[in-house]
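Step one of this worksheet: look at the structure below.
The values are calculated or read from the model by the stated rules, or taken from the named source; none is laboratory data. Bear in mind the structure is a predicted one, so any value in this text is a computation, not a measurement. Glycine also receives a Cβ, built like all others from the backbone with ideal geometry; neighbour counts cover every protein chain displayed.
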Amino acid sequence: MSATEELIAKSEKKDARPLEKVCIICAKGTIGDVYAALVMSNGAVMEGIETKVFFTFFGLDAITKKRMNKLHTGTVGNPAMRMPGGIPFPTMLGGLPGVESGVSAMMRKQMDKLDIPPVDEFIDMITAGGGEIYACKLACDMFGVGMEDFNENVKSIITVGELYEMCDDRTQIIFT
Amino acid sequence: MTQVTIATLQIDLNEERYLTDSSQWNEEVAAEFAKEEGIELTEKHFEVLNFLRQKHEEGVDITIRKVGKSGIVDIKGFYALFPKKPLKKSSRIAGIPKPTSCV
């Protein structure tokens with residue numbers, strides 16, 4: 001490290017403050033997308049960071065009672081998808097009936113082994129630690145769903161304007 | 001590594017002030033660490049600490065979910081006992097290494 005770099009690193013450290021607030025947005029409904037948002041959110045709560053999670057579009061599945069614990073992994077058009085043992089998973093195979101369900105069940109089982117909870121329990125954990133869960137009004141109108149369809153931990157349905165109002169210059173907005 | 005003397009006991013800490021040797025732990029050490037975190041230990045706290053130490057000895061990766069299912073406290077109660085950073089704070093006070101799990 002050069003002297004200049006060292007100086008910069010030093011001054012950055014001096015001015016650095018711990019992360020205080022995060023707003024995490026989940027707009028997709030596959031297992032991978034939803035769990036990325038949930039792990040990030042729960043991790044933030046566990047660090048004492050004020051956390052708000054906003055679910056929109058297909059992400060609404062993650063807070064919808066009858067869907068939240070039955071999320072799927074996309075087996076089609078997912079180049080990172082592998083068979084057990086690491087062989088690439090052929091897209092043609094992913095389209096066969098039952099394959100997506102089977103793969104998704106396997107994913108959920110694997111996660112359970114690592115003590116990663118099902119979606120409803122994960123959301124319980126986030127709110128138990130003080131995190132707040134919101135649903136997007138526009139997406140609710142689009143899909144024709146409301147509070148009665150959602151898990152009891154969803155605090156309210158809000159507009160994007162209300163979301164930004166809850167944030168300030170200390171909030172990091174994370175779109176997963 | 002730093003050495004600190006608590007009461008008559010000399011203990012070894014890493015740079016994040018976790019015990020480097022969990023066998024150096026006792027209730028006095030716990031109370032001292034708790035004081036640093038602004039926590040006054042109750043019987044309930046010790047039940048959690050003993051649970052964590054037992055799991056650590058068994059080689060189990062500790063998660064807040066496991067604490068929540070321990071039958072000692074639920075997750076909300078765990079946050080109430082060790083505010084803000086329950087898993088990290090309780091692990092440090094229990095004299096075990098910093099948790100490595102992401103949940």
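Against the criterion of being buried (at least 20 other Cβ atoms within 10 Å of the Cβ), at pLDDT 95 or above, part of a helix (DSSP H, G or I) and among the aliphatic types (A, V, I, L, M), A:ALA36 does not qualify. Screening the candidates A:MET147, A:MET111, A:MET166, A:MET83 for the property of being over 18 Å from the mean Cα position of the chain (by Cα) and touching a residue at least 60 places away in the same chain (Cβ under 8 Å) yields one hit, A:MET166. Counted as qualifying within the range A:120-176 are the strands (runs of 3 or more DSSP E) with 2 or more residues that are modelled with pLDDT of 95 or more and closer than 19 Å to A:TYR35 by Cα, namely A:132-136, A:171-175.
Yes or no, residue by residue, for (1) surrounded by fewer than 15 Cβ atoms within 10 Å (Cβ to Cβ); (2) among the aromatic types (Phe, Trp, Tyr); (3) under 21 Å from A:GLY130 (Cα atoms):
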{"position": "B:GLU43", "(1), (2), (3)": "yes, no, no"}
{"position": "B:PHE51", "(1), (2), (3)": "no, yes, no"}
{"position": "B:ILE64", "(1), (2), (3)": "no, no, yes"}
{"position": "B:VAL67", "(1), (2), (3)": "no, no, yes"}
{"position": "B:ALA80", "(1), (2), (3)": "yes, no, yes"}
{"position": "B:GLY95", "(1), (2), (3)": "no, no, no"}
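Can you pull out every residue in the range B:28-62 that is more than 18 Å from B:GLU16 (Cβ to Cβ) and either in contact with an Asp or Glu (Cβ under 6 Å, 6 or more places away or on another chain) or among the β-branched types (Val, Ile, Thr) (or both)? Hits for the range B:28-62 are B:THR42, B:VAL48, B:VAL60. Under the condition of being modelled with pLDDT of 90 or more and among the acidic types (Asp, Glu), the residues counted in the range A:67-119 number 1.
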